[in-house]
Amino acid sequence: MPLPRLLLLTLLTLMAFAANSVLCRLALFEERMDPALFTLLRLTSGALVLILLCSARRSTPPRQGDWGGALCLITYAAAFSFAYLTLTAGTGALLLFAAVQLSMLAPPLLRGERLPPRQLGGLLLAMAGLICLLLPGLSAPDPLGAVLMIAAGIAWACYTLRAPRFSDALAANAGHFLRASLPATLLYLLLGHLNATPAAIGYALASGALASGLGYALWYGVLPHLGRTLAASVQLLVPPLAILAGLIWLDESGSWRLLLSSLGILGGIALVIAGRPPQGDKP
C-alpha cells in the first residue's frame, strides 16, 4: 500500500475510534438518549455494515465469530454506553485505552513471565497516571462511570485477544456484532426506554455504521501494513483526539489532573510498547 494512502487510512481509522466517544457523549448527554437504546442501535447498525462489506467481497458471507466474542462485545458496548452518562469524552477514552492496553499485559504476567526493565517502568508509570486520574477530588471522574469504562476496556481486551482464532477478521467482527445484537435487544427490553430525538438516533447510527463498522474494516485493512508495535503505538493518538474533540464540540473543560494523567498513562504505555521483543512487530 502506498505510504500516503496508508497514512490517510490510518488517520481516518483513529478518528473513527475517537468519534465513538464523542458520538456517544453527544447522544447521551446532549440529547438525553437512553444508553441501552444507544447500545442496541450501535451494534445492529455496525452488524449491518460489516455484513454488507463481507457480502461485497463474495457471494455468500462466511460464518465466523462465536458467542464468546459476542459476549465480550456486548459487555464492552453496554459498559461503554452507561459509563458515558457521567464521564467526559476525553476522560472516558483515556480510561478505556488504559484498561485495554494494561489488560493485554495480563496473560503473559499470569503465565509467570517477567517484564524487561523498560516495560516494567512503563507499566508502573501508566498505573501511577491512572491512580492520579482516579484519586478523589473536584476533577476526579465519577467512580461508577470510571469502573464501567475500565470494565469496558477489559472486555475489549478479551475481545481482541480472541481475534487470532479466526482467519477472516472482517467476517469474525460481522458475526460477533450480529450475535451481540441479540443480548443488546434483551438489555434494551429490560432496562431501556424509547427516549430518543432524531439527532440522538443519528449519532447512534453513525457510531455503529461509520465509527464502528467502517472503522473496524479500515483498521483491519491497514493493520497488516503497520505491524503490531506500530499499530499499538499509533493508537496512543486516540485519547488525545477524543479530548480535543470534547473540547471543541462538547465544550468540555480540561484540567491539570487530566493532562498529567494523560502524560503518565500514554507515556507509560509507550514505554511498554517500545520494550516489546522484535517478534511482536510481525503482523
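The values are calculated or read from the model by the stated rules, or taken from the named source; none is laboratory data. Please read all numbers here as calculations on a predicted model, not as lab measurements. Neighbour counts run over all protein chains shown; Cβ positions are idealised from the backbone, glycine included.
Quick one: in region 140-151, of everything that is assigned to a helix (DSSP H, G or I) and more than 16 Å from the chain's Cα centre (by Cα), which residue is surrounded by the most Cβ atoms within 10 Å (Cβ to Cβ)? Only one residue tops the list, namely L144.
Regarding R25, is this residue outside any loop (DSSP other than H, G, I, E, B) and either under 30 Å from A126 (Cβ atoms) or touching a residue at least 12 places away in the same chain (Cβ under 8 Å) (or both)?
Values: outside any loop (DSSP other than H, G, I, E, B): yes; either under 30 Å from A126 (Cβ atoms) or touching a residue at least 12 places away in the same chain (Cβ under 8 Å) (or both): yes.
Criteria met by R25.
Looking at the structure I just gave you, is G221 within 26 Å of M1 (Cβ to Cβ) and small (G, A, S)? Criteria met by G221.
Does L102 satisfy being touching a residue at least 24 places away in the same chain (Cβ under 8 Å) and either hydroxyl-bearing (S, T, Y) or more than 23 Å from D34 (Cβ to Cβ) (or both)? Yes, satisfied. Close contacts from region 1-21, counting a first residue that is outside any loop (DSSP other than H, G, I, E, B) and a second that is crowded, with 18+ Cβ neighbours inside 10 Å and among the β-branched types (V, I, T), with Cβ to Cβ under 7 Å and a gap of 6+ residues or different chains, come to L6/V222; L9/V222; T10/V222; T13/V222; L14/V238; F17/V238; A18/V238.
Return the residues of region 165-194 that are within 19 Å of F82 (Cα to Cα) and either in contact with a Leu (Cβ under 8 Å, 6 or more places away or on another chain) or not in a helix (DSSP H, G or I) (or both); say none if nothing qualifies.
Answer for region 165-194, where residues must be within 19 Å of F82 (Cα to Cα) and either in contact with a Leu (Cβ under 8 Å, 6 or more places away or on another chain) or not in a helix (DSSP H, G or I) (or both): F177, A180, S181, P183, A184, T185, L187, Y188, G192, H193, L194.
For every residue, the table says whether it meets (1) at pLDDT below 90; (2) among the hydrophobic types (A, V, I, L, M, F, W, C).
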residue: L12; (1), (2): no, yes
residue: A18; (1), (2): no, yes
residue: T39; (1), (2): no, no
residue: I51; (1), (2): no, yes
residue: F80; (1), (2): no, yes
residue: T91; (1), (2): yes, no
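In the list G92, G121, which residue meets the criterion of being part of a helix (DSSP H, G or I) and crowded, with 18+ Cβ neighbours inside 10 Å?
Values: G121 fails: crowded, with 18+ Cβ neighbours inside 10 Å.
Answer to the selection: G92.
Among the residues of region 152-164, write down those that are touching a residue at least 12 places away in the same chain (Cβ under 8 Å) and assigned to a helix (DSSP H, G or I).
Residues of region 152-164 touching a residue at least 12 places away in the same chain (Cβ under 8 Å): 152-162.
Selection gives A152, G153, I154, A155, W156, A157, C158, Y159, T160, L161.
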